[in-house]
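None of the figures in this text is laboratory data; all of them are computed from the coordinates on show. Quick caveat, the model's predicted, so the values are computed rather than measured. Neighbour counts run over all protein chains shown; Cβ positions are idealised from the backbone, glycine included.
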Amino acid sequence: NAGVMQNPRHLVRRRGQEARLRCSPMKGHSHVYWYRQLPEEGLKFMVYLQKENIIDESGMPKERFSAEFPKEGPSILRIQQVVRGDSAAYFCASSSSGTENTEAFFGQGTRLTVV
Amino acid sequence: GESVGLHLPTLSVQEGDNSIINCAYSNSASDYFIWYKQESGKGPQFIIDIRSNMDKRQGQRVTVLLNKTVKHLSLQIAATQPGDSAVYFCAETGGGGADGLTFGKGTHLIIQP
């Protein structure tokens with residue numbers, strides 16, 4: 001049973017370009033969470049999705065950021081018109097239900113560098 | 001060795017010693033707490049969790065203590081090994097806020113040979 005798979009592991013984008021980060025949850029998991037981690041800091045919650053639905057996006061910036069988790073395929077975190085401040089590690093976690101009840105498993109992250 | 005996770009980012013202990021990593025949380029309504037270990041360049045790895053109806057839980061070489069009165073969480077690692085070197089984060093949820101986990105800033109545990 002493969003773990004949470006994120007790709008790419010490293011992504012370099014120039015300012016103004018778009019970044020697409022992909023997350024395939026563990027088999028059987030229908031809950032996906034995205035987090036952002038700046039250097040030397042803890043993870044910050046961004047968005048929580050279930051299949052085809054955004055449940056909670058309270059941690060996601062209102063502009064330029066969007067997330068989806070289609071019926072088929074991985075969850076996508078999309079950042080439009082990237083700026084240097086978007087440089088961070090983005091982690092995806094999945095669980096079989098909400099995190100209050102079950103353990104969430106994390107992927108290895110995508111390290112985004114904006115140049 | 002002992003540290004307050006949010007105020008002392010680095011804890012150095014001798015191999016074989018016990019270590020205690022502390023964490024203070026702010027949301028008194030949180031009811032589920034987790035300790036994660038994060039090695040350099042990797043994602044957080046679940047260590048142990050505890051629910052608010054408990055004050056202690058033990059795993060293999062690790063113990064989590066929860067003091068809801070002072071909103072304090074600690075992780076005890078017995079007989080530390082070189083592989084324990086990592087950053088340790090406490091996380092909480094269930095307080096009625098965002099559905100995701102709220103992470104502390106982390107403590108970097110260094111195991112000295």
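Miscellaneous remarks
- Pairs of lysine residues in chain A that meet both criteria, 8 or more places apart or on different chains and Cα atoms under 20 Å apart, total 4.
- The lysine pair tally for chain B, using Cα distances under 20 Å and a gap of 8 or more places or different chains, is 7.
- For region A:29-99 versus region B:14-82, the gap between their alpha-carbon centres in whole angstrom: 25 Å
- A dipole drawn for chain B from +1 and -1 charges on Cβ atoms has a positive end, and of B:Gly106, B:Thr93, B:Ser12 the residue lying farthest that way is B:Thr93.
- In the protein assembly as shown, inverting the average of 1/r over every pair of distinct C-alpha atoms gives 18.1 Å as the Kirkwood radius.
- Within 10 Å of each Cβ in A:29-41, the average number of Cβ atoms from other chains: 2
- Efficiency of FRET from Cβ geometry, B:Lys105 and B:Asn18, R₀ 25 Å, rounded to 0.05: 0.65
- From the C-alpha gyration tensor of region A:1-61, square roots of 5λ in Å: 21, 16, 13
- The reciprocal of the average 1/r between distinct C-alpha atoms defines the Kirkwood hydrodynamic radius, which for region B:26-84 equals 12.5 Å.
- Projected-area mean, chain A, by convex hull of Cα positions, square nanometres: 6.8 nm²
- For region B:4-112, taking the reciprocal of the average inverse distance between every pair of different Cα atoms yields a Kirkwood hydrodynamic radius of 13.9 Å.
- FRET efficiency, A:Ala2 to B:Lys71 (Cβ-Cβ, R0 41 Å, nearest 0.05): 0.65
- Inter-label distance for A:Ser97 and A:Lys51, nm, one decimal - labels placed 7 Å from Cα along Cα-to-Cβ: 1.7 nm
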